Amino acid sequence: MEMMEKNLIVELNRLWEPVRPYLAQQVSELYSRHDGRVLEAGPFSGLALELARRGIGTSFHIAAFPGEIADTLKDEARELGLVGKVTVAESDEKLSGVPTEAFDLAVFRGAFFFPSFFKPDLPALYRSLKAGGMALVGGGFGRHTPDDVIRGIEKRSKDLNQALGRVRVTERDLWSILEAAELKEKAIMITEGGLWVVLRKGFPPRTSS
């Protein structure tokens, strides 16, 4: 990825900071817990910082890529006084360095819309979840973001997305992606406030005693 694209991602992440509280509200409703280990993955990260501020989860890890994105998130965590609570590490689309069966909640924003520079490894994200864990994957403003907040950033956000090669993804496309990843049976789709997939990891079968 060229430096210009990295700068665009950094700008986009900063632009979306006012949206984070409203997305965090939606995550909280879906997750319905305030404990657990939280993972955020991908270039479009920063929501984990808001989750940490709100106490939605106990510990937080951001697996960011490319490297410059990780650096900016480390700086932001430091500015917010969250260094002891949030760890940030450089990863990649395969989620290298992310442990398996370690997280109760995972978030991956923008996962499906930028195939020109990465394709999400959904099985790797699913493997990172503990039994009973949940992942929210996709993109959009969410169901709670007020219209005035959306209007304030919508045009610049659209321009940045286009410059980064954002493509249109339909529900049908998404079901095909989930089927190819063998995760269709684990997923529900949310079309309000964007296009999102919720993956839930079932508990392992009980062993007879």
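Observations on the model:
- Other-chain or far-sequence residues with amide H under 5 Å of Lys130's (modelled H): Ala102, Phe103, Asp104
- Note on Asn7 and Glu154: the model spin-label points, each 7 Å out from Cα along the C-beta direction, lie 2.8 nm apart.
- Extending 7 Å from Cα along the Cβ direction at Lys130 and again at Arg54 yields two label points whose distance is 2.1 nm.
- Rg to Rh quotient for the range 106-209, alpha carbon positions, Kirkwood Rh: 1.05
- Distance in nm between pseudo-label sites at Glu185 and Thr170 (7 Å out along the Cβ direction from Cα): 2.7 nm
- Direction-averaged projected area, Cα convex hull, the chain: 11.9 nm², rounded to one decimal.
- Rounded to the nearest Hz, the phi-derived 3J(HN,Hα) couplings of the range 62-75 under the Karplus curve 6.51 cos²θ - 1.76 cosθ + 1.60 (θ = phi - 60°) are 10, 9, 9, 8, x, x, 4, 5, 4, 4, 5, 6, 4, 4, where x marks glycine and proline.
- At R0 = 41 Å, FRET efficiency that the Cβ-Cβ distance of Ala163 and Ala102 yields, to 0.05: 0.75
- Calculated SAXS-style log₁₀ I(q)/I(0) at q = 0.14, 0.23 Å⁻¹ - the range 44-167, Debye, Cα scatterers: -0.67, -1.55
- Potential extension, His144-Leu15 segment - 0.36 nm per residue separation minus Cα distance: 44.7 nm
- Sequentially through the range 138-145, phi angles give Karplus couplings (6.51, -1.76, 1.60; θ = phi - 60°) of x, x, x, 7, x, 7, 10, 5 Hz, Gly and Pro residues having no value and appearing as x.
- Taken one residue at a time, the phi angles of the range 4-10 give Karplus couplings (6.51, -1.76, 1.60, θ = phi - 60°) of 4, 5, 4, 5, 5, 5, 4 Hz. Gly and Pro are set to x.
- Efficiency of FRET between Asp35 and Glu192 - r from beta-carbon atoms, R0 30 angstrom, step 0.05: 0.65
- Over the chain, Cα pairs under 8 Å with separation of 6+ residues give a relative contact order of 21 percent.
- The range 3-200 - share of DSSP beta bridges that are antiparallel (%, nearest 5): 35 percent
Bear in mind that the values in this text are calculations on the coordinates, not laboratory data. Everything quoted here is computed from the prediction, not taken from an experiment. Virtual Cβ from ideal backbone geometry, glycine too; neighbours counted across all protein chains shown.
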